[in-house]
Amino acid sequence: MEFPKPIFDSFEIDEQHLPTVNNEDEKFGAFRQLLIQRIEELIHSDFEKLKWILYRIDVSEKKLNDALQSPEADAANVMADLIIQRQIEKAESRKKFGGNENDWNFDV
């Protein structure tokens, strides 16, 4: 899986922090952990920026609110999974409808 550069940029994650791994599952796990860590930092230091990023990435507010209703829900994990899910949806949509590199890219 290729990770979208806009996520790294939005969350100010340096791709060099991803460890060298043996397979795609490990790479995905490492990426997810970095994203969760950065979301946790933003929850505590700049919640407004986090809300802005979620809005720009187009994470569904309803899905987020529904997922956070569970008492055992961890906010950073929920947000990371919804961000990843949304990016996958966008990639599939571009693939299905033939978006190309020259099209406008609204990912953040």
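Any read-out appearing in this document is the output of simple, stated calculations on the displayed coordinates, not a laboratory observation. Note that the structure is a prediction, hence the values are computed from the model and not measured. Ideal geometry is used to build each Cβ from the backbone, glycine not excepted, and the neighbour counts take in all protein chains shown.
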Calc'd 3J(HN,Hα), the range 37-43, phi into Karplus 6.51 cos²θ - 1.76 cosθ + 1.60 (θ = phi - 60°), Hz, glycine/Pro = x, comes to 4, 5, 4, 4, 4, 5, 4
Lys and Arg at +1, Asp and Glu at -1: neighbours of Phe47 with Cβ under 12 Å from its Cβ sum to -2
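What net charge is computed for the residues neighbouring Ala76, neighbours being all others with C-beta under 15 Å from the C-beta of Ala76, Lys and Arg scored +1, Asp and Glu -1?
Its environment carries a net charge of -2.
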Note, the range 89-94: 3J(HN,Hα) by Karplus (6.51, -1.76, 1.60, θ = phi - 60°), whole Hz, Gly/Pro = x, goes 4, 5, 5, 5, 5, 4
